[in-house]
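Colleague: Take a look at the following structure, please.
The values are calculated or read from the model by the stated rules, or taken from the named source; none is laboratory data. What you see is a predicted model, and the numbers here were worked out from it, not measured in a lab. Don't worry about glycine lacking a Cβ; one is built from the backbone with ideal geometry, like all the others, and counts go over all protein chains shown. The area values use the complete protein model at the heavy-atom level, side chains included, leaving out ligands, DNA and RNA. Shrake-Rupley method; radii C 1.70, N 1.55, O 1.52, S 1.80 Å.
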Amino acid sequence: MTDFDIDGFAAQGGHLPYAGPLGFMRRPFTRDLDGAAAAVLGAPLDLGVSNRSGTRFGPRALREMSVYQFGQVCPLGWFEGRRVVDYGDSLLLPGDMDQSLRAIENDASTILDAGARLLTLGGDHTISLPLLRAHARAHGTLSMIHFDSHTDTYDIFDGPWHGSIFESAVDEGLLDPARSVQLGIRAAGIGEKKGYRVVDADAIDREGVDAAITVVRETVGERPAYITFDVDFLDPAYAPGTGTPVAGGPTTAEARRILLGLAGLRIVGGDVVEVSPPFDGPGQITSLAGSAAAFHILELMLNG
Ligand SMILES: [Mn+2]
């Protein structure tokens with residue numbers, strides 16, 4: 001006979017990592033937001049990419065690898081007393097960017113209006129624009145903590161794409177760039193700087209993560225802040241499964257330490273974007289890293 005506490009195990013979600021249903025972190029799929037502290041939303045969009053596509057498969061892969069975080073990145077029992085639901089995916093019509101962004105914004109507003117925090121799984125980075133619109137409506141002008149190898153301030157086409165959103169967000173007054181930080185930047189800029197504080201990849205490498213954390217904490221202060229985590233922040237050695245990888249980036253350990261270093265800030269929302277499973281490597285390391293970051297963002301939202 002086994003000594004295994006099957007009832008206690010069931011209370012944690014009830015399945016071994018390789019079995020069972022796949023709500024994010026085993027949360028139940030439901031649109032009932034009553035009493036929910038947070039909801040997780042999938043935004044399976046890849047209409048906005050400029051290079052390799054595939055991020056429409058990101059939410060599913062992030063959910064799958066999230067169940068490996070139990071007892072690892074996520075302490076067992078962490079969800080006790082916290083109602084977190086998986087709201088499912090926004091219904092996005094293929095080829096229709098306007099409809100897609102409206103659907104994401106509507107779902108986000110529904111969740112925020114219910115009083116829940118929102119963690120969104122992308123999807124390409126275009127999704128952050130409707131998400132910022134919804135969060136700014138709920139919380140006022142935001143600070144942003146932006147992990148990325150690109151500034152995404154490249155508003156060079158007629159419509160939104162994954163490289164234009166953080167120019168549009170400033171122009172729309174959704175966030176205050178002087179109170180926002182872009183971390184890990186290393187792609188050659190082709191757009192305006194728009195006034196963001198930048199701690200680029202070379203600065204993180206040279207001065208270390210503690211210095212980066214200090215800049216973020218001093219810049220953001222007490223303001224409501226939104227975290228957007230583009231998985232291409234990470235070096236392609238740690239996150240090959242993404243559309244526009246840029247060599248020379250931080251490690252998963254550095255990402256983890258920066259996220260943990262943001263504890264106590266007023267994190268009101270966040271997303272993990274640009275996971276493209278068709279380009280992921282053995283061990284699904286990109287989705288694993290992305291889902292760990294997603295859990296840490298959830299932790300910051302609910303502990304803050
Ligand atoms: Mn990027």
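Colleague: Within region 229-241, can you find the residues that are open to solvent by 10 Å² or more (accessible area, probe 1.4 Å) and of a type in the set (D, E)? Steps first, answer last, please.
Modeller: Within region 229-241, the first condition is being open to solvent by 10 Å² or more (accessible area, probe 1.4 Å), and the residues that meet it are 235-238, 240.
D235, the sole residue that qualifies.
Colleague: In region 249-271, what count of residues is obtained for those that are touching a Leu at 6+ places or on another chain (Cβ under 8 Å), over 12 Å from I145 (Cα atoms) and of a type outside the set (G, A, S)?
Modeller: Number of matching residues: 3.
Colleague: Now for a different question. Of all the strands (runs of 3 or more DSSP E) wholly in region 177-253, which have at least 1 residues that are among the polar types (S, T, N, Q)?
Modeller: Filter on region 177-253 gives 181-183, 225-230.
Colleague: I would also like to ask the following. If P282 satisfies every condition in (1) buried (at least 24 other Cβ atoms within 10 Å of the Cβ); (2) without any contact (Cβ under 8 Å) to a residue 40 or more places away in the chain but one, which is the exception?
Modeller: Among (1) buried (at least 24 other Cβ atoms within 10 Å of the Cβ); (2) without any contact (Cβ under 8 Å) to a residue 40 or more places away in the chain, the lone unmet condition for P282 is (1).
Colleague: Please enumerate the residues belonging to region 133-159 that are within 16 Å of the ligand (Cβ to nearest atom) and in contact with a Leu (Cβ under 6 Å, 6 or more places away or on another chain).
Modeller: Matches in region 133-159: M144, F147.
Colleague: Residues that are modelled with pLDDT of 95 or more, farther than 22 Å from G115 by Cβ and crowded, with 22+ Cβ neighbours inside 10 Å: does region 257-268 have at least one?
Modeller: yes
Colleague: Still on this model: Exactly one condition in (1) touching a Pro at 6+ places or on another chain (Cβ under 9 Å); (2) polar (S, T, N, Q); (3) more than 20 Å from E299 (Cα to Cα) is not met by S143; state its number.
Modeller: For S143, the exception is condition (3).
Colleague: Scan region 165-184 for residues that are away from the ligand (no atom under 12 Å from the Cβ) and either more than 22 Å from L262 (Cα to Cα) or open to solvent by 10 Å² or more (accessible area, probe 1.4 Å) (or both) and jot them down.
Modeller: Listed by number, the residues that qualify are E167, S168, A169, V170, D171, E172, G173, L174, D176, P177, A178, R179.
Colleague: Within region 68-102, how many residues turn out to be assigned to a helix (DSSP H, G or I) and either open to solvent by less than 20 Å² (accessible area, probe 1.4 Å) or farther than 24 Å from T55 by Cα (or both)?
Modeller: Selection size over region 68-102: 3.
Colleague: How many of the residues making up region 185-228 are touching a Pro at 6+ places or on another chain (Cβ under 6 Å) and surrounded by 16 or more Cβ atoms within 10 Å (Cβ to Cβ)?
Modeller: Final tally of qualifying residues: 3.
Colleague: Criterion first (of a type outside the set (S, T, Y) and either in contact (Cβ under 8 Å) with a residue 60 or more places away in the chain or surrounded by 15 or more Cβ atoms within 10 Å (Cβ to Cβ) (or both)) does R31 satisfy it?
Modeller: no
Colleague: In region 104-132, how many are within 16 Å of the ligand (Cβ to nearest atom) and either more than 16 Å from the chain's Cα centre (by Cα) or open to solvent by 10 Å² or more (accessible area, probe 1.4 Å) (or both)?
Modeller: Summing the residues that are within 16 Å of the ligand (Cβ to nearest atom) and either more than 16 Å from the chain's Cα centre (by Cα) or open to solvent by 10 Å² or more (accessible area, probe 1.4 Å) (or both) in region 104-132 gives 0.
Colleague: On to the next question. List, please: which pairs have Cβ atoms under 9 Å, are six or more places apart or on different chains, and start with a residue in region 157-172 that is within 20 Å of G243 (Cβ to Cβ) and in contact (Cβ under 8 Å) with a residue 24 or more places away in the chain and end with one that is more than 15 Å from the ligand (Cβ to nearest atom) and among the small types (G, A, S)?
Modeller: Final answer for the pair search is P160/S168; F166/S180.
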